[in-house]
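So the structure is just underneath, and the comments pick up after that.
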Amino acid sequence: MKTFERILGVVAALALFAMMALTAADVIARKAFSSSVPGGVEITELLMLAVIFVAMPLASLKGEHIIFDLLDPILPARIKTWQHRIANALCVAVLVGSSWLVYGRAGRAAEYGDSTAQLGLPLYGFQYATAAMLLLAAVMHLYLMVRATPSSDTFHLPPVGGEDV
């Protein structure tokens, strides 16, 4: 699991770094040559897509999404456990549904030959990758639904192999 987390983390970090480098190059090009990097906006948009959807399974696994925990201190552990399972089941349903919709959109984009306006990059590959990352986030919530247990103030994954996750 740690290797998997590292791979997703590195991909998200590289996409973020590439976005930063492209933005810096674009600013320098505009100031020095009065011309932007061709397709810079499109590439930035696609890199942002990568940052968001590659990091989503990691945020799900680590429980780093925004949560409403006002009642957690007063709820009994049994109710918190069921609340946690139901919330994760809803997340699974929404993410699987979203993945299915994006997958269908990717198929139509491939069929119609949809591409970016300036560079002509085919969109379907990015859309299929997005659908896969949404499905992976759903798998993370399914894992959390089954594995995670409530503690006094938050839900966390139990240690796997003696190490904290």
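The values are calculated or read from the model by the stated rules, or taken from the named source; none is laboratory data. If you're wondering where the values come from, they're calculated on a predicted model, not measured in any experiment. Cβ atoms come from the backbone with ideal geometry, glycine included; neighbour counts cover every protein chain shown.
Contact map, region 17-29: first residue modelled with pLDDT under 95, second residue loosely packed, with under 15 Cβ neighbours inside 10 Å and among the acidic types (Asp, Glu), Cβ cut-off under 6 Å, separation 6 or more or different chains; the map is empty. Among residues of region 24-41 being part of a helix (DSSP H, G or I), among the small types (Gly, Ala, Ser) and closer than 19 Å to Leu119 by Cβ, the one that is nearest to the chain's Cα centre (by Cα) is Gly40. Any idea which residue in region 87-116 is farthest from the chain's Cα centre (by Cα), counting only those that are of a type in the set (Ser, Thr, Tyr) and within 18 Å of Leu134 (Cα to Cα)? Per the criteria, the residue is Tyr103. Taking residues in region 127-151 that are among the charged types (D, E, K, R), and partners anywhere that are modelled with pLDDT under 95, the pairs with Cβ atoms closer than 7 Å and at least 6 places apart or on different chains are Arg147/Leu157; Arg147/Pro158. The criterion of being free of Cβ contacts under 8 Å to residues at least 40 places away in the same chain and polar (S, T, N, Q) holds for Thr44. Every condition in (1) within 15 Å of the chain's Cα centre (by Cα); (2) modelled with pLDDT under 95; (3) hydrophobic (A, V, I, L, M, F, W, C) is met by Leu70 except one, and the failing one is (1). Being farther than 18 Å from Gly9 by Cα, in contact with a Phe, Trp or Tyr (Cβ under 9 Å, 6 or more places away or on another chain), at pLDDT 95 or above and assigned to a helix (DSSP H, G or I), is that true of even one residue in region 73-81? No, every residue in region 73-81 fails to be farther than 18 Å from Gly9 by Cα, in contact with a Phe, Trp or Tyr (Cβ under 9 Å, 6 or more places away or on another chain), at pLDDT 95 or above and assigned to a helix (DSSP H, G or I). For region 99-142, filtering for residues that are under 22 Å from Val11 (Cα atoms) and either assigned to a helix (DSSP H, G or I) or among the small types (Gly, Ala, Ser) (or both) leaves 22.
Of the residues that sit in region 109-165 and are buried (at least 18 other Cβ atoms within 10 Å of the Cβ) and modelled with pLDDT under 95, which one is farthest from Ser99 (Cα to Cα)? Checking each candidate, the answer is Pro150.
One residue alone among Leu58, Leu95, Leu90, Leu70 is assigned to a helix (DSSP H, G or I), surrounded by fewer than 13 Cβ atoms within 10 Å (Cβ to Cβ) and not charged (D, E, K, R), and that residue is Leu90.
Kindly indicate the residue of region 33-69 that is in contact with a helix residue (DSSP H, G or I) (Cβ under 7 Å, 6 or more places away or on another chain) and among the β-branched types (Val, Ile, Thr) and also farthest from Gln127 (Cα to Cα) among those meeting that condition.
The extreme case among them is Val37.
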